[in-house]
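J.: Structure provided below as structure tokens; questions to follow.
The values are calculated or read from the model by the stated rules, or taken from the named source; none is laboratory data. Computed from a predicted structure; not experimentally measured. Reconstructed Cβ throughout: ideal geometry from the backbone, glycine too, with neighbour counts over all protein chains shown. Calculation scope for accessible area: heavy atoms of the full protein, side chains included, ligands and nucleic acids excluded. Shrake-Rupley method; radii C 1.70, N 1.55, O 1.52, S 1.80 Å.
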Amino acid sequence: MEYALISDVPVSASRIGLGTWAMGGTQWGGADDDESVRTIHAALDLGVTLIDTAPAYGFGHSEEVVGRALAERGGRDRVVLATKVGLEQRGDGVVRNSSPRQISNEIERSLKRLKTDYIDLYQVHWPDFATPYEETAQALLDLQRAGKIRAIGVSNYSIEAMERFRRVAPLASAQPPLNLFEREALEDIIPWCRAHGVATLTYGALCRGLLSGTLNEGTAFEGDDLRKTDPKFLPPRFAQYLQAVQRLERFARERYGKGVLALAVRWVLEQPGVSVALWGARRATELDALKDVMGWQLDKEALTYMDSMVNESVREPVGPEFMAPPVGRPEEPEARV
């Protein structure tokens, strides 16, 4: 395993972090809690030290599963526990709310669900345009000074938002999406973070499973699986993305003797400024390929060739914008920065 440092966090963070969105049981067609716990334990056995969760994942259920797994396993002081704040449940959905009052309420619930008295990395899940960034930053700084959190991070923030935020509170990390198919963060967010000493926890390394190498045009998504409405998984784009994956798979096998999954995650780790690539899983067997990611590198020629394969295959690319939660709150007009 490779490791990286995050400001204000004393434990080294594994460069592969375990993402636990699917363990929440919603938006991914369900999950088995016992298997989720085994998955967390398996990740720890493989050298993973960073576990990323959020209250929005199953309306707190993912945090409960992570808390149970760590309590059963022990060694809390050897884990970088990262969770988030700022999405308020409204009915069957969430809205952005990073007000000081919301943060004060959420931190106590998260601590209880995670069975801990501190959180290593507390991240604002999405920017709340109805609350000044400075107010959110001050609320998190207060939690840091109180010892309830060690480090402060943001997710899905713009550079302007991060600049305003860090004038009030120290910013340890940012979490943008990044994978072979969604690489907009390489244009601005990640270079800015690198220049300012802000660690990056990039999410979506496998692009909701597209880059796992296990999907085909006949794959069906059941229940409330969010991929039923993800533009990448709908015609005509789905076939284009699958074609790119097939070409990448052949390249990975012929050039490195590895699968496309390992190639895709290695690509993320090779990008300058990337500290951690989050790897989502809900079954222990889904971590089997983790060992294939470490101990090798991609050269410039390979990176260029991979770019050409993606550009040639995906003629109608689309980003991850569909995942963004509502901007305004029901009782307030939508505000814009």
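J.: Which one is surrounded by the most Cβ atoms within 10 Å (Cβ to Cβ), of the residues in the range 159-182 that are in contact (Cβ under 8 Å) with a residue 40 or more places away in the chain and assigned to a loop (DSSP other than H, G, I, E, B)?
T.: For the range 159-182, the residue satisfying everything is Leu178.
J.: Kindly provide the set of residues from the range 210-255 that are in contact with a Phe, Trp or Tyr (Cβ under 8 Å, 6 or more places away or on another chain), open to solvent by 60 Å² or more (accessible area, probe 1.4 Å) and either among the small types (Gly, Ala, Ser) or assigned to a helix (DSSP H, G or I) (or both), ordered by number.
T.: Of everything in the range 210-255, just one residue is in contact with a Phe, Trp or Tyr (Cβ under 8 Å, 6 or more places away or on another chain), open to solvent by 60 Å² or more (accessible area, probe 1.4 Å) and either among the small types (Gly, Ala, Ser) or assigned to a helix (DSSP H, G or I) (or both), namely Lys228.
J.: Name the single residue, out of those in the range 174-184 being of a type outside the set (Phe, Trp, Tyr) and in contact with a helix residue (DSSP H, G or I) (Cβ under 8 Å, 6 or more places away or on another chain), that is farthest from Val124 (Cα to Cα).
T.: Leu180
J.: Now for a separate question. Open to solvent by 30 Å² or more (accessible area, probe 1.4 Å) and either in contact (Cβ under 8 Å) with a residue 60 or more places away in the chain or more than 18 Å from Glu2 (Cα to Cα) (or both): does that describe Asp52?
T.: The answer is no for Asp52.
J.: Being surrounded by fewer than 23 Cβ atoms within 10 Å (Cβ to Cβ), among the hydrophobic types (A, V, I, L, M, F, W, C) and closer than 23 Å to Gly197 by Cα is the filter here, so list the residues in the range 263-284 that pass it.
T.: Leu269
J.: Could you list, in sequence order, the residues of the range 55-90 that are within 26 Å of Tyr157 (Cα to Cα), assigned to a helix (DSSP H, G or I) and either of a type outside the set (Asp, Glu) or open to solvent by 20 Å² or more (accessible area, probe 1.4 Å) (or both)?
T.: Within the range 55-90, His61, Ser62, Val66 meet the criteria.
J.: Can you confirm whether the range 94-109 contains a residue that is out of contact with any Ser or Thr (no Cβ under 9 Å at 6 or more places or on another chain), assigned to a loop (DSSP other than H, G, I, E, B) and either free of Cβ contacts under 8 Å to residues at least 24 places away in the same chain or not polar (S, T, N, Q) (or both)?
T.: No, the range 94-109 has no match at all.
J.: Among the residues that make up the range 40-49, is at least one of them open to solvent by less than 10 Å² (accessible area, probe 1.4 Å), in contact with a strand residue (DSSP E or B) (Cβ under 6 Å, 6 or more places away or on another chain) and either free of Cβ contacts under 8 Å to residues at least 24 places away in the same chain or within 27 Å of Pro326 (Cβ to Cβ) (or both)?
T.: no
J.: What number of residues within the range 141-158 are part of a helix (DSSP H, G or I) and open to solvent by 50 Å² or more (accessible area, probe 1.4 Å)?
T.: Of the residues in the range 141-158, 2 are part of a helix (DSSP H, G or I) and open to solvent by 50 Å² or more (accessible area, probe 1.4 Å).
J.: Would you mention how many residues in the range 267-298 are part of a helix (DSSP H, G or I), free of Cβ contacts under 8 Å to residues at least 60 places away in the same chain and either over 26 Å from Leu81 (Cβ atoms) or under 16 Å from the mean Cα position of the chain (by Cα) (or both)?
T.: 2
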